[in-house]
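The values are calculated or read from the model by the stated rules, or taken from the named source; none is laboratory data. All figures in this text were calculated on a predicted structure; none of them were measured in a lab. Here the Cβ positions follow ideal geometry from the backbone for every residue, glycine too, while neighbour counts run over all protein chains shown.
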Amino acid sequence: MAQVYNLAIEPLQVLIFIPTLLIFALLRRGTKQDTSRGVLLLLAAEWAMVGALFFLNVMAPVHWLGTLGGVTFLLGGLFYAGAASRSFPPHFHWRRDNPSMLSFLITAFSVIGYPGVSWALGREYPQVLTYSLMPGSVVLLTLGVLMSARPAPRLVLLLPALAIALVSPLTVILWRVWEDLAILPLALLAFAGWWRWRGKLEGAPTKDTIRFDF
């Protein structure tokens, strides 16, 4: 499946560097009005790409779960696009604190560790699982990015990725996608982070969010 997908989407494996680096730049920048909206829109685009290109274009013709996955990821893309349109989206920013460390850990694994595990398992291109273009990688990237929300992560934004993480063991059982074994533990770590820091949202001042007037 990965081989067919990689050959079908060339050269997106190279072009995906651009939005990924842009996400990193926005998280590092974290002070401008376009930061929160830009981050959410980039996540929405990646969810939609996986839904359309992987699930509906490659997987759906061979398994009915492909259609279900495609619809789910397209709805996830619409969800994050809708979140970007809100007047007070979260402020995403990496700082020198524990939430940022957890955010960076999960985000780095999604981009480097996920395909790295694929290479370590002996997969070579085009069988290797591509970062930011495979469902597992996008789910982990989403969890990592959302953990950087200020003043604390929002559970409502984490829910789509957490829901996918809960069913991720199915890909290991059905198709032996061993790389996805990392998804559930990291998702539980993200949930624990939300639980630990959720109190910061209570009575948070308006200045901790960003207002868009354009």
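Is it the case that Gly82 is free of Cβ contacts under 8 Å to residues at least 12 places away in the same chain, more than 13 Å from the chain's Cα centre (by Cα) and within 25 Å of Leu155 (Cβ to Cβ)? Steps first, please.
Details: free of Cβ contacts under 8 Å to residues at least 12 places away in the same chain: yes; more than 13 Å from the chain's Cα centre (by Cα): yes; within 25 Å of Leu155 (Cβ to Cβ): yes.
Taking the combined requirement at face value, the residue satisfies it.
Take the residues in the stretch 149-165 that are under 15 Å from Gly199 (Cα atoms) and touching a Leu at 6+ places or on another chain (Cβ under 8 Å), then tell me which one is modelled with the lowest pLDDT.
Out of the qualifying residues, it is Pro151.
Conditions: (1) among the hydroxyl-bearing types (Ser, Thr, Tyr); (2) in contact with a Leu (Cβ under 7 Å, 6 or more places away or on another chain); (3) surrounded by fewer than 19 Cβ atoms within 10 Å (Cβ to Cβ). Tyr80 meets all but one. Number of the miss?
Condition not satisfied by Tyr80: (3).
Listed residues Leu129, Leu141; which is touching a residue at least 12 places away in the same chain (Cβ under 8 Å) and in contact with a Phe, Trp or Tyr (Cβ under 7 Å, 6 or more places away or on another chain)? So that I can check it myself, show each step before the final result.
Numbers: Leu141 fails: in contact with a Phe, Trp or Tyr (Cβ under 7 Å, 6 or more places away or on another chain).
That would be Leu129, the only listed residue that is touching a residue at least 12 places away in the same chain (Cβ under 8 Å) and in contact with a Phe, Trp or Tyr (Cβ under 7 Å, 6 or more places away or on another chain).
For the stretch 128-207, list the helices (runs of 4 or more DSSP H) that sit wholly inside it and hold at least 3 residues that are surrounded by fewer than 20 Cβ atoms within 10 Å (Cβ to Cβ); which are they?
Working: elements: 135-146, 155-167, 169-175, 183-197.
Answer list for the stretch 128-207: 155-167, 169-175, 183-197.
Tell me whether the stretch 85-100 contains one or more residues that are assigned to a helix (DSSP H, G or I), hydrophobic (A, V, I, L, M, F, W, C) and surrounded by 14 or more Cβ atoms within 10 Å (Cβ to Cβ).
For the stretch 85-100, residues assigned to a helix (DSSP H, G or I), hydrophobic (A, V, I, L, M, F, W, C) and surrounded by 14 or more Cβ atoms within 10 Å (Cβ to Cβ): absent.
For the stretch 103-127, name all the residues that are crowded, with 21+ Cβ neighbours inside 10 Å and over 16 Å from Ala161 (Cβ atoms). Write out each step before concluding.
Applying the first criterion (crowded, with 21+ Cβ neighbours inside 10 Å) to the stretch 103-127 yields 103, 106-107, 109-111, 114-115, 118.
Once the filter is applied, which keeps residues that are crowded, with 21+ Cβ neighbours inside 10 Å and over 16 Å from Ala161 (Cβ atoms), the stretch 103-127 yields Pro115, Ser118.
Pick from Val58, Val14, Val62: which is on the phi < 0 side of the Ramachandran plot and not in a helix (DSSP H, G or I)? First the steps, then the outcome.
Details: Val58 fails: not in a helix (DSSP H, G or I); Val14 fails: not in a helix (DSSP H, G or I).
It is Val62.
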